[in-house]
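K.L.:
I have a structure here, written as structure tokens, and I will follow up with some questions on it.
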Amino acid sequence: QVEELERPSWLQVAFDLNDDELVIAVDHDYLRRVVVNLVENAIQAMEPQATRVKSPSPATLTLRSRRESERLFLTIEDTGPGMSPEVLARVYEPLYSTKTYGVGLGLPTVKQIMESAGGGLEITSEPGCGTKVLLWLPLEIRRSGAA
């Protein structure tokens, strides 16, 4: 799904994805919307500093997945400017946005989708150190044999 997004020339993308075939208990279109929203947020956050000056370290977006017990964990991490504690405390407020063109529906909607699927998300960020979003979803356990 990330491959379908337009990737700016200044952006490096790193993948560390679990290649197991996992079945998740969420509509795949909803999960796609979640990932696309978070990737677009990360790219938009990194763009001003990446295009302003040639930085010695390139803007990097890292996507990771792993299975742990009966959950799938997805991490989307950027090397952008990060968020202050004050901004981070408000990211789930409807209509709150730091963007001049944003309407503030993205992260509240992402949170709602994740929670309605029995999962969740956690956002950590620090000014000057980028932002990391951790998503988790329950795996559907397929058992063989009839009951």
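The values are calculated or read from the model by the stated rules, or taken from the named source; none is laboratory data. Predicted, not measured: the structure shown is a model, and the values here were computed from it. Quick reminder, even Gly has a Cβ in these numbers, built from the backbone with ideal geometry, and neighbours come from all protein chains shown. Ligands, DNA and RNA are excluded from the accessible area calculation, which covers all protein heavy atoms including side chains. Shrake-Rupley method; radii C 1.70, N 1.55, O 1.52, S 1.80 Å.
K.L.:
Taking only Cα atoms, what is the 0 to 90° angle, nearest 10, from helix 28-52's long axis to the longest principal axis of the chain?
P.N.:
Helix 28-52 and the main axis of the chain meet at about 20 degrees.
K.L.:
Post the alpha-carbon centroid distance, the range 1-51 to the range 84-139, in whole angstrom.
P.N.:
Value for the Cα centre distance between the two parts: 14 Å.
K.L.:
Next up: Give a residue-ordered list of calculated ³J(HN,Hα) values for the range 108-125 (Karplus: 6.51 cos²θ - 1.76 cosθ + 1.60, θ = phi - 60°; whole Hz; x for Gly, Pro).
P.N.:
Residue by residue, the range 108-125 yields x, 5, 4, 4, 4, 4, 5, 5, 5, 8, x, x, x, 8, 9, 10, 10, 7 Hz.
K.L.:
Sketch the reach of a paramagnetic label on Leu22 as a point 7 Å from Cα along Cα-to-Cβ, and name the residues of the range 59-73 whose backbone nitrogen lies under 17 Å away.
P.N.:
Inside the label zone: 62-73.
K.L.:
For a protection proxy built on the mean count of beta-carbon atoms within 10 angstrom, sort 131-139, 19-27, 88-96 highest first, please.
P.N.:
Per-residue Cβ counts within 10 Å, averaged per peptide and sorted highest first, yield 131-139, 88-96, 19-27.
K.L.:
Using 0.36 nm times the number of residues separating Ser97 and Thr124, minus their current alpha carbon distance, what extension gain do you get? If you can, show how the numbers build up before the last one.
P.N.:
On the way: separation 27, 0.36 × 27 = 9.72 nm, distance 1.70 nm.
Once the chain is fully extended between Ser97 and Thr124, it gains 8.0 nm.
K.L.:
Let me ask another. Quote the relative contact order of the chain in percent (integer), defining contacts as alpha-carbon pairs under 8 Å separated by 6+ residues. Let's see the in-between values first.
P.N.:
Values: 237 pairs, mean separation 40.5, N = 147.
Once normalised by length, the contact order is 28 percent.
K.L.:
Let me ask something additional. Could you do me a favour and compute the accessible area per residue for the chain, 1.4 Å probe, result in Å²?
P.N.:
On the way: 9290 Å² over 147 residues.
Per-residue accessible area for the chain comes out at 63 Å².
K.L.:
Output wanted: per-residue J couplings in Hz (rounded whole) for the range 10-15, from phi through Karplus 6.51 cos²θ - 1.76 cosθ + 1.60, θ = phi - 60°, x for Gly and Pro.
P.N.:
Once rounded to whole Hz, the list reads 7, 9, 9, 10, 10, 10.
K.L.:
At a 1.4 Å probe radius, carbon and sulfur cover how many percent of the accessible area of the chain? Write down the numbers at each step before the final one.
P.N.:
Details: 4510 of 9290 Å².
Accessible surface attributable to carbon and sulfur in the chain totals 49 percent.
K.L.:
Percent relative contact order of the range 45-99, based on C-alpha pairs within less than 8 angstrom and at least six residues apart?
P.N.:
Across the range 45-99, relative contact order equals 31 percent.
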